[in-house]
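One structure is given below, encoded as structure tokens.
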Amino acid sequence: MLPNPFPDHISFCLLPIHSTSNQKLHPAEENYFSQLSSVSRKEHYRSGRICAGEVLSKLGTRGQPVLRDPQTREPLWPEGISGAITHSGNWAAAAAGKTSDVSGIGIDLEDLERQVDSRISRHVCIPEEQKWLQECGEDFLEQNLKIIFSAKESIFKAFFPYTRTYLHFHDARILMEQTFFQNSKNNSLSVKEKNSKPAKFEFEYLMLNEKVIRQTGISEGKGRVQFFENYVLTSLFF
């Protein structure tokens, strides 16, 4: 199983979707669940909330629901708790910590085998990131784009609950050493060519949204990238 990407004061849970199919939700969570018509959305919602319940239990907060804001669609954690939920494909994950220890937490899961149109890079990436993608090689552009996308999703999830400011893809810059997916001429292997042990790396980010910088006093930070099976998990906290 993927190790906790966070320090000990932040609780983390990763579960396969199929493992939660018979587990019960809190009645308040069940109310929203019953409104979903898609089987896939129901599976992901249930798994995400089961993970959320697990991390809350580890923090000593049991039996409280994690509802959903109908406008922002963010998870509503119990008072005194900061956290995030993510799900993709066959997996769901959640992380949470006490607001006395952490202000914001972000996590995001992406399926590296899911096809995306590489032309969306202009919407996701600023020019410096686009240049980095091109340097890594056309063959790996799609996979590296997903890593940048995921890292930015984690940033947005971490900062929005604290600042209430919506961030767009061009509001942050991701900086990574060229150690993920690259052309062989750079003496770097793709994740599929590495052994099965989960690989993990750090990324750096620059906050480009001046309002958020003023609100938090944070203009830069670090996050983590972890690979398992055909998935990537990005994570950060502040």
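The values are calculated or read from the model by the stated rules, or taken from the named source; none is laboratory data. Bear in mind the structure is a predicted one, so any value in this text is a computation, not a measurement. With ideal geometry, Cβ positions are generated from the backbone for all residues, glycine too; neighbour counts draw on all protein chains shown.
Some points to look at:
- Region 20-44, residues that are within 21 Å of the chain's Cα centre (by Cα) and without any contact (Cβ under 8 Å) to a residue 24 or more places away in the chain: Ser40, Arg41, Lys42
- Test: residue in region 56-75 that is among the acidic types (Asp, Glu) and in a helix (DSSP H, G or I): no
- Only residues that are in contact with a helix residue (DSSP H, G or I) (Cβ under 8 Å, 6 or more places away or on another chain), assigned to a loop (DSSP other than H, G, I, E, B) and surrounded by fewer than 17 Cβ atoms within 10 Å (Cβ to Cβ) were counted across region 115-136, and they come to 2.
- Exactly one residue among Pro65, Pro70 is more than 17 Å from the chain's Cα centre (by Cα) and modelled with pLDDT under 95, and that residue is Pro70.
- Scanning region 14-49 for residues that are within 16 Å of Leu109 (Cα to Cα), assigned to a helix (DSSP H, G or I) and among the aliphatic types (A, V, I, L, M) yields a single hit, Ile17.
- Count of region 1-32 residues which are loosely packed, with under 15 Cβ neighbours inside 10 Å and aromatic (Phe, Trp, Tyr): 0
- Number of the condition not met by Asp8 [criteria: (1) within 23 Å of Phe159 (Cα to Cα); (2) outside any loop (DSSP other than H, G, I, E, B)]: (2)
- Within region 174-195, being buried (at least 19 other Cβ atoms within 10 Å of the Cβ) and modelled with pLDDT of 95 or more holds for one residue alone: Ile174.
- Contact map, region 74-100: residues that are within 20 Å of Ala151 (Cα to Cα) paired with residues that are among the basic types (Lys, Arg), Cβ distance under 7 Å, separation 6+ or inter-chain. Pairs shown: Pro75/Arg68; Ala84/Lys157.
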